1. Please report the antiparallel percentage of the DSSP beta bridges confined to the chain, to the nearest 5.
2. Label THR129 and ARG80 with points 7 Å out from Cα along Cα→Cβ: what is the distance between them in nm?
3. So for the chain, taking the charge dipole from beta-carbon charges (+1 Lys/Arg, -1 Asp/Glu), which of HIS186, LEU118, GLY104 sits furthest toward the positive end?
4. Full extension from ALA100 to LEU312: what is 0.36 nm times the residue separation minus their Cα-Cα distance, to one decimal in nm?
5. With only Lys, Arg, Asp and Glu charged, each at its Cβ (+1 for the first two, -1 for the last two), find how big the charge dipole of the chain is about the Cα centre; round to the nearest 20 debye.
6. Rounded if a/c is under 1.5, else prolate if a/b beats b/c, else oblate: with a ≥ b ≥ c from the C-alpha gyration tensor eigenvalues square-rooted, which is the stretch 175-281?
7. Using a Förster distance of 30 angstrom, determine the FRET efficiency expected from the C-beta separation of SER240 and ALA143, and round it to 0.05.
8. Testing the spin-label approximation: label points 7 Å from Cα along Cα→Cβ at GLN136 and ARG66. State their distance in nm.
Amino acid sequence: MASPANLGGRPRQPSLAQLRAFAAVAEHLHFREAAAEIGMSQPALSGAVSTLEETLGVQLLERTTRKVLLSPAGERVAARARVVLEAVGDLMEEAEAARAPFTGVLRLGVIPTVAPYLLPAVLRLVHETYPDLDLQVHEEQTASLLDGLAHGRLDLLLLAVPLGVPQIAELPLFDEDFVLVAPKEHWLGGRGDIPRQALQELDLLLLDEGHCLRDQALDICREAGRDENTPVTTSAAGLSTLVQLVAGGLGVTLLPRTALRVETGRNDQLTTGYFADPAPSRRIALAMRTGAARQQEFEEFAEALRGALRGLPVRIVKE
């Protein structure tokens, strides 16, 4: 096989048409089937693959009268070609989304302490208002979401803020109070009467490390004067398990208001109490890369989402 042809002293580069033709042959190992798949005549397909071999300077296929096989070099190039074609497809989706907002793929990352309680409203909004938007949801902890956003794996995040991360812009949605949840026999006082100082002595149950809600709960306890060395002996991977541990008498916990009805409504062994003003709270926002190509679209989405969440027990943040 000849070395790659030069143009101006530099190796020629394969075209997308050549890569697409070779990838089809590599998948089907049959020229007629490959040509039919990509809508190309069989002679044109064969010519594109031959030109690719000449351009790269390697033999990609072993041709016999009965079958087509990939050479060792062909197997390696086929894998790379698929990656290149997928990347080009992603690029075209981004360009399409830029031309027509609220179309194409939107990869939304959501933290576990938000996803079960807000996604019904988010999905309903997308279904009714943005039917051409291909929403893909990824539920992960905050650190993983931020990594995915920074490296382009995710487009938009729905999580608790502030994040304090450079190059990340926050679009606030709402504030919500925390509620104290305890076993039924535990007296928590009247509605809105619990002082934060009550957290100093209670047996507190928390989520596992890595959940931002755990860190928020510990911050609230520190503000209330709780000794930082007071041990937390039991933790859980999710709020549902945490609430069941409370119902079993192992301690008390803090729940955000949006999770209260879902997590306590299915267990009659729980009681809830509300803190005196100002109650501890958290802020939920959308987060995007600063200067994102779809910034205006995301800002419009945030405004629409604020409207969709007005039925929840939250305080909408006006932008």
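None of the figures in this text is laboratory data; all of them are computed from the coordinates on show. What you are looking at is a predicted structure, and each value in this text was computed from that prediction instead of being measured. Don't worry about glycine lacking a Cβ; one is built from the backbone with ideal geometry, like all the others, and counts go over all protein chains shown.
1. 70
2. Label at THR129, label at ARG80, 4.6 nm between them.
3. The residue sitting most towards the positive pole is GLY104.
4. So the chain would gain 73.2 nm between ALA100 and LEU312.
5. 820
6. rounded
7. That gives a FRET efficiency of 0.85.
8. With each label placed 7 Å out from Cα toward Cβ, I get 4.1 nm.
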